[in-house]
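See below for the structure under consideration.
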Amino acid sequence: MMSATSTAPDQRKTSLWVVATPIGNLGDMSTRATQTLQAVDLILCEDTRHSRKLCQASAISTPLKSLHEHNEAQLIAELLQRLQQGEQMALISDAGTPLISDPGYRLVKACHEARLTVAAVPGPCAAIAALSVAGLPSDRFSFQGFLPAKSAARKKRLQGLVHEPATMIFYESPQRLQASVRDMLEVFGDLRLACQCRELTKAFETSNLGTLAELEALLAADPDQSRGEQVLLVAGQPAADREPGITPAVIALHAELCQHLPPRLAAGLLSQHLGVSRNALYALRLAAGRT
Ligand code: SAM
C-alpha cells in the first residue's frame with residue numbers, strides 16, 4: 001500500500017534522504033527521486049560535475065556539495081549541525097544506490113546516532129538489477145562488492161567463499177574481469193555456474209550465463225564482452241559439492257566421461273570405483289545444466 005507520507009520530502013521530519021539514481025539509463029530516474037532532490041536544501045554527491053548533468057536533465061536546481069570517501073569523515077560534524085538546525089539533505093552517488101560500494105555509510109550512521117531521521121528513496125542498483133536477470137538462484141544472495149586488485153589477495157578472498165551456499169554478487173572493472181574469472185575458475189572449479197552482466201540498462205546490455213569455463217572461453221574469444229560496466233555473479237556451492245570425495249578432479253573426470261556415456265551411467269561407474277555418491281555427482285551435472 002502506498003503511504004501518503006512517501007511522496008514528498010517535506011511531509012515528514014526526515015533529515016537525510018538516501019536517493020537512488022540511474023545506473024546508465026536516465027529513464028530510470030523515479031518521480032519521487034526527482035521531487036526529493038528538487039525539494040531538499042542540499043544534495044550531497046560524489047562528483048558535483050557528474051551529478052550536475054543529472055540535475056540539469058531533471059530540472060533540479062538544488063545546490064550540490066561533494067561528499068566522497070576521502071572527505072566524508074571530516075564533513076560529518078558540519079553536516080550534522082546543519083541537519084540539526086532543520087535543513088533537509090539528500091545523499092546520492094554517481095550512479096545507483098548510495099552506500100552500495102559507494103560513500104555514505106559513516107554519514108547515515110552518524111545521523112542515527114544523532115537521532116536524525118534517515119529515509120530511503122529506492123531505485124536502481126547494479127547488483128540487484130544483475131541478480132534479477134542472471135538466471136541464478138535468487139532466494140539467497142551475498143553482495144561481495146569489489147575483489148582485491150592483486151591476484152594473490154583476490155584468490156585468498158575467493159577461497160574464503162568456497163563454501164558460500166548463496167549466490168555471490170561481485171562488482172568488477174573491465175580491466176580485471178578476465179583475471180577475476182580465471183581466479184574464480186581456479187578456486188570454485190570450472191563447472192560452477194556464473195553470470196556476467198554488462199552495461200545494465202544501457203545500449204549494449206548483455207547477460208552471459210554458463211559455467212565458469214564457458215565464461216572464460218567467451219571472454220577470451222570476444223574482447224567486446226569485457227567492455228563497459230560489469231557485475232559478476234557466481235552460484236553458491238551446490239549441496240552435492242559438499243559430499244565426501246567429490247573433489248574438482250572427480251567432477252572433471254565425470255564431465256569427461258559424460259562426453260561418451262549418459263551422465264547417470266558415468267556417475268554410477270565413478271561411484272562403484274571411487275566410492276563417491278552417484279546421486280551427488282549426477283545432481284552436480286544437473287545443477288550445471290549439462291544433462
Ligand atoms: N552504487 C552503485 C549501485 O547501486 O550499483 C554501484 C557503484 S560502484 C562504485 C560501480 C560498479 O557498479 C561498477 O564498477 C560496476 O561493477 C557496477 N555497475 C554500475 N553500473 C552498472 C551497469 N550499468 N551495468 C553493470 N554494472 C554496473
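The values are calculated or read from the model by the stated rules, or taken from the named source; none is laboratory data. These numbers come from a predicted model, not from an experiment. Cβ atoms come from the backbone with ideal geometry, glycine included; neighbour counts cover every protein chain shown. Side chains included, ligands, DNA and RNA excluded: accessible areas come from the protein's heavy atoms. Shrake-Rupley method; radii C 1.70, N 1.55, O 1.52, S 1.80 Å.
Structural remarks
- Highest average first, the peptides 261-272, 127-138, 142-153 ordered by how many other beta carbon atoms sit within 10 Å of their residues are 127-138, 261-272, 142-153.
- Cα long-axis angle, helix 48-57 against the chain (0 to 90 degrees, to the nearest 10): 80 degrees
- Checking every one of the chymotrypsin sites (Phe, Trp or Tyr not before Pro) in the range 171-248 against DSSP loop status and a limit of 13 other Cβ atoms within 10 Å picks out 204.
- Mean residue ellipticity (222 nm) of the chain, computed from DSSP H runs ≥ 4 via -39,500 (n - 2.57), nearest 500: -11500 deg cm²/dmol
- Given a 1.4 Å probe and the protein chains as shown, residue 222 ends up with an accessible area of around 50 Å².
- 182, 198, 115, ranked by accessible area, largest first (probe 1.4 Å): 115, 182, 198
- Taking the convex hull of Cα positions in the range 4-124, its mean projected area over all directions (nm²): 6.7 nm²
- In the chain, the longest principal axis of the Cα atoms and the axis of helix 72-84 are about 50 degrees apart.
- Eligible aspartates and glutamates near residue 150 by straight Cα distance, threshold 13 Å, same-chain separation 8 or greater: 172, 183
- For the range 14-28, Karplus couplings with θ = phi - 60° (6.51, -1.76, 1.60), whole Hz, Gly/Pro x: 6, 8, 10, 9, 9, 10, 7, 10, x, 9, x, 10, 4, x, 8
- Rounded tilt (10° steps) of 263-274 against the dominant C-alpha axis of the chain: 70 degrees
- For the range 112-119, 3J(HN,Hα) per residue [Karplus equation, 6.51 cos²θ - 1.76 cosθ + 1.60, θ = phi - 60°, Hz, x = Gly/Pro]: 4, 5, 8, 6, 9, 7, 10, 9
- Per-bin percent of Cα-Cα distances, the chain [5 Å]: 1, 5, 11, 13, 13, 12, 11, 9, 7, 6, 4, 3, 2, 1, 0, 0
- Taking every alpha-carbon pair under 8 Å whose residues sit at least 6 apart, the chain reaches a relative contact order of 16 percent.
- Linear extension gain, residue 175 paired with residue 77, 0.36 nm per residue minus alpha-carbon span: 31.5 nm
- Radius of gyration over Kirkwood radius for the range 127-234, both on Cα atoms: the Rg/Rh ratio is 0.92.
- Rounded to the nearest 5, the antiparallel percentage of DSSP beta bridges internal to the chain is 45%.
- Net dipole in debye of the chain [+1 Lys, Arg Cβ; -1 Asp, Glu Cβ; about Cα centre; nearest 20]: 380 debye
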